[in-house]
Each structure stands twice: as C-alpha cells, then as structure tokens.
Amino acid sequence: MTDYTKPLSAADASYVAFVEAAWQRHIRLAVLLTGDRLRAEELLQDSLVKMYERWRKLSRLDDLHAYLRRSLVNNHTSVWRRRRRESLVAEIPDRAMPSDGTDEDADALRRALLSLPPKQRAVVVLRHYEDLSERAVAQALGCSVGTVKSQHSRALEKLRRIVEQPSYTGNR
Amino acid sequence: MHNLDERLAHGLHRIVDGEADSIPPTGKLLERGRRGRRRRVSALAGSTLAVVALGALGIAAVAQPTRDVPAGASSAQAPSPELKLASAFATSKDLSYRLRLTTASRAGAGPTYEGAFDPRTDTGYLALAQNASVRTELLINGTRYTIVDRPKGEKYGYRQQYGRHDRLSLYDSPMAVVALAAGGGELPAEVARMGSASPDPAALYEILRKANATITENGDGSLHFVLSTQDQGGSNGLSGDITRDADGRIGKVTLTSNWSSMPKIPTGTMSATLELFDYGVDVKVERPTDIVPSK
C-alpha cells in the first residue's frame, strides 16, 4: 500500500489516485501486448511516468484511462521497433510468458498472438479483450476505422492459420 | 469467423485471468516522473538561455529565466479548487483516523459521535451519547458488535450484527445523520432524495463529483461546495466547507442541508460537522466476551 503519510502536492495526490485506479485495470492489457509480465510492468510504468511529466495538462482530460491505453499501445510499438532495429536478425519475437503447461489452448493462443506485428496484436487485444468497437480501437490507435478493419482482418487470417493447425489443441 | 471471434475473446481472458494482482509502485513512479520533469525543465532552461543569447545580438530582449521547479511544487497556474478537493480526498484515502461528528437542527444540538476507523482492516469503534444512554459499536475485521448502556449501569450484552461490514454504521446510510439531526425518526422519501448528506469522506466525494457540485475556495483556503436540486416537492440544497489539515488531508467537513415546501416537513435545516484527526493512528479493538449472536 502506498505510503500517504508524507504530504503530497495537489497534482501529485491526484496522480497517485489515478495510478491506483489504473494499475490493475491496465496491467493485463500490457501483459497481452508484451507477452511477458515483467515487460508489461515496465511498459505500464513507462507510460505512467510519461503521463506524470505532463500531468497538469492531462489531468483535465475526461478519459485518462483511454489516454493511458493509447499510450501503452504506442509505447509498446516504439519499443518493439527499437528492439528490431537494434538487432541483426530480421524480427525479434516477444518472449512468451512461461506456461505451467496446464492450459495448452491458452498457451498456443499466446504464441500465436506474439507472432503478430504489434499493431495487429493491439487491434486484436483491444477488439477481443477490451471489447472495444472498431471506432474506439481507431481512436485508441490514432488511425482510421478502415485501417483497423484491414489490420484486424489480416490478424485474424494469420491467427486462424495458426489455431487451425492440427497441433493447436484448441481445434477440437 | 464468428467461432474464432469467440475463441479469441475467451482465450485472451484465459491468458491473463490468472495474473496475480500487484501493488502499483506509486513511490517509484513519482520519483521517476519528478526526475523526468526536472530534466525537461533543465533542457527548457538551456534552450531559453540560448534563444536569449541569440536575441541579444540584435534585439533587446527581456528574458525571464526558467526556474528548475522543485519536486512537487505547484506550477505557475494554481490548481483549481476541484483538483484541490480531489487531492485532499486522495491524500486522506486508505488511512486510519479518529473522528468526531456533531449534529444540530432547529431543535438544537443533536447527538455527538466519537470513534476511530481503519479502512484497511475494517476495524474501528464508535460511541454515541444520546438520551442519557451510550450506544457503542465495535467493528473488528468487518464484524460489527453493538451495545447500549442504559442508566443505572444496566447492560444487555454485545449484539453481533449479521454479515460483513466495511464501514461503521454511521456511514451505512447517507441520510443517517440527517435523520438523527431531525429527531431520529424515519424521514419521508422526498427528504431522502434530497442530497445524500453523508459525512463519509469517500462517499461525500463521490456525491460531489457525480452531482457536479460547484467547488470554490474560501479566503482561508478551505473549499466550499454547493449542490442543489429542484423537484415537484420543492427545492433542496446541500452545502458545506472542507478544511484541510497541514498535510493537505481532510481535517473538517461542515455540512448544511436545507429543504423547503415538502409535504409534512415544510422547511428544514440540519447541519453536521465531521472532524477527522490523528491520521495513521493504530486502531485496535478487542473482541467482546459477552456476545449475543445475530438472529
């Protein structure tokens, strides 16, 4: 629990209140985007720190959670691109979360999800986990509804190929 | 397609539903954020000086050097009263405290409550002195026990209330204080709709936020709130002042409710003052031995 016994400025206190409300809500989204709990926490922390630096302006927004969601997606895409540039190999896959082996369907889906480029992955997660409409996904990603549709379609095509392979135990 | 959609939604939830909750590293975020902000301010100061130096070559420029803003200091634009209110409630959140609640109506002074509460452990106590008797409530890890000491020292034993409770009974009903101040009886629904005059800090903040209350700052730095409603029965108003302690936490809430043109209760006013102090106090309550189980 946060130590509130030290006095905070008004802006800091409102930021702390937001972080406490936002953390549990967005950590799972970050896990789905990164495929790894540690990277998810890093991503969420980085996004929240960036929000702190602009907090006086941001605190006037109506929907701070939507802003954070967009920030998570954008930051994750930037990190993914940077890692790819820094590496000599063509494409660095995100690390898969360690599996306990008890849920093979989920594990296979997790691997399939991580095989998608970050933007397609974000579209899939926002559509099917956050249950956002295409319009809301477009707002979250800062792109057009048409782009969301095409990215979604490509992502599903790829996922379908993977999950319909005989080795995917979910195809029963 | 439809099948894959469903499998995706289900599968994504299965991937992360088992993720353990974690505590947000708020302190670390604040430190990192402050360092980042200082870097930005320093960079801005550097570029400002560079611009001034260039300007000095041909233009008489007056530059106000940018100061490195200390951590947590307020910006040039003072926070709004709404933000100050949100901050006060956020700073007071999840801390234990002692409380004193006094009520009054046109009939005169009402009952006074004294107690302590720790929202993290759902533990506290409350003593209400009224009509020559003292009603005591104990809340221990979510279980409530009440007892009334009658005159002549007659005791009836502690009665355990049914269920689990995350608050003192004082905060159960937003209208509890209004009802007590008005004489203890049941109030008509029109009054109950009036404005949810709760002294519970967390509930009060939610009410003010949702009701879009007008928040202003008084000359002494306290925050004033006003909300009013108008319906067929008449007009109702709720106003009050929130005084913050030296650490910016909620120190005192004064609350005034008034209503007019209501059937059976033509005009009425009540007031309540809730004082919160000794934040962080260790609240420990011993379980009573003479308990009458709830039926």
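The values are calculated or read from the model by the stated rules, or taken from the named source; none is laboratory data. All figures in this text were calculated on a predicted structure; none of them were measured in a lab. Note: ideal-geometry Cβ built from the backbone for every residue, glycine included; neighbour counts use all protein chains shown. Heads up: the accessible areas ignore ligands, DNA and RNA and are worked out on the full protein's heavy atoms, side chains in. Shrake-Rupley method; radii C 1.70, N 1.55, O 1.52, S 1.80 Å.
Do the conditions hold for A:K6, that is, is it within 12 Å of chain B (Cβ to nearest Cβ), open to solvent by 10 Å² or more (accessible area, probe 1.4 Å), closer than 27 Å to B:P81 by Cα and modelled with pLDDT of 85 or more? Spelling it out, it is not the case that A:K6 is within 12 Å of chain B (Cβ to nearest Cβ), open to solvent by 10 Å² or more (accessible area, probe 1.4 Å), closer than 27 Å to B:P81 by Cα and modelled with pLDDT of 85 or more.
Contact map, the stretch A:32-45: first residue away from chain B (no Cβ under 11 Å), second residue open to solvent by less than 20 Å² (accessible area, probe 1.4 Å) and hydroxyl-bearing (S, T, Y), Cβ cut-off under 7 Å, separation 6 or more or different chains; pairs are A:L43/A:T34.
I'm checking my understanding of the structure. Among residues of the stretch A:107-118 that are of a type outside the set (A, V, I, L, M) and out of contact with any helix residue (DSSP H, G or I) (no Cβ under 6 Å at 6 or more places or on another chain), which one is surrounded by the most Cβ atoms within 10 Å (Cβ to Cβ)?
To start, the set of residues in the stretch A:107-118 that are of a type outside the set (A, V, I, L, M) comprises A:107, A:110-111, A:115, A:117-118.
Within this subset, residues satisfying the condition of being out of contact with any helix residue (DSSP H, G or I) (no Cβ under 6 Å at 6 or more places or on another chain) are A:107, A:111, A:115, A:117.
On the way: A:D107: 21, A:R111: 16, A:S115: 16, A:P117: 17.
So, considering only residues that are of a type outside the set (A, V, I, L, M) and out of contact with any helix residue (DSSP H, G or I) (no Cβ under 6 Å at 6 or more places or on another chain), the one surrounded by the most Cβ atoms within 10 Å (Cβ to Cβ) is A:D107.
The single condition among (1) part of a helix (DSSP H, G or I); (2) more than 7 Å from chain A (Cβ to nearest Cβ); (3) within 30 Å of A:A155 (Cβ to Cβ) that B:A9 does not meet is (2). Of the residues making up the stretch B:94-103, those that are of a type outside the set (S, T, N, Q) and either open to solvent by less than 30 Å² (accessible area, probe 1.4 Å) or within 15 Å of A:A11 (Cα to Cα) (or both) are B:L95, B:Y97, B:L99, B:L101.
Going by what's in this entry, would A:V31 be described as modelled with pLDDT under 85, in the same structural domain as A:A66 (by TED's automatic domain parsing), part of a helix (DSSP H, G or I) and β-branched (V, I, T)? Full working, then the answer.
On the way: modelled with pLDDT under 85: no; in the same structural domain as A:A66 (by TED's automatic domain parsing): yes; part of a helix (DSSP H, G or I): yes; β-branched (V, I, T): yes.
The answer is no for A:V31.
Per the listing A:K158, A:K119, A:K149, the residue uniquely farther than 24 Å from A:L68 by Cα and either assigned by TED's automatic domain parsing to the domain that holds A:R69 or at pLDDT 85 or above (or both) is A:K158.
Listed by first and then second residue, the pairs linking a residue in the stretch B:19-35 that is within 14 Å of A:W55 (Cα to Cα) to a residue that is polar (S, T, N, Q) and buried (at least 18 other Cβ atoms within 10 Å of the Cβ), with Cβ atoms under 8 Å apart and 6 or more places separating them unless they lie on different chains, are B:L29/A:Q45; B:R32/A:Q45. Within the stretch A:81-106, the set of residues being at pLDDT 65 or above and either in contact with an Asp or Glu (Cβ under 7 Å, 6 or more places away or on another chain) or open to solvent by less than 30 Å² (accessible area, probe 1.4 Å) (or both) comprises A:D105, A:A106. Please verify whether B:G72 is at pLDDT below 65 and in contact with an Asp or Glu (Cβ under 6 Å, 6 or more places away or on another chain), treating the condition exactly as stated. Yes; evaluated as a whole, the condition is true for this residue.
Of all residues in the stretch A:11-37, those satisfying the criterion of being of a type in the set (G, A, S), surrounded by 19 or more Cβ atoms within 10 Å (Cβ to Cβ) and under 18 Å from the mean Cα position of the chain (by Cα) are A:A22, A:A30, A:G35. Scoring A:L61 on the criteria (1) at pLDDT below 85; (2) surrounded by fewer than 16 Cβ atoms within 10 Å (Cβ to Cβ); (3) more than 14 Å from chain B (Cβ to nearest Cβ); (4) touching a helix residue (DSSP H, G or I) at 6+ places or on another chain (Cβ under 8 Å) leaves a single failure, condition (3).
Consider B:R40 carefully, then state whether it is at the interface with another protein chain (Cβ under 7 Å from one of its Cβ atoms), assigned to a helix (DSSP H, G or I) and modelled with pLDDT under 75.
Working: at the interface with another protein chain (Cβ under 7 Å from one of its Cβ atoms): yes; assigned to a helix (DSSP H, G or I): yes; modelled with pLDDT under 75: yes.
Yes, satisfied.
Checking each residue in the stretch A:120-134 for being in contact with a helix residue (DSSP H, G or I) (Cβ under 6 Å, 6 or more places away or on another chain), more than 10 Å from chain B (Cβ to nearest Cβ) and surrounded by fewer than 22 Cβ atoms within 10 Å (Cβ to Cβ) picks out A:Q120, A:L132, A:E134.
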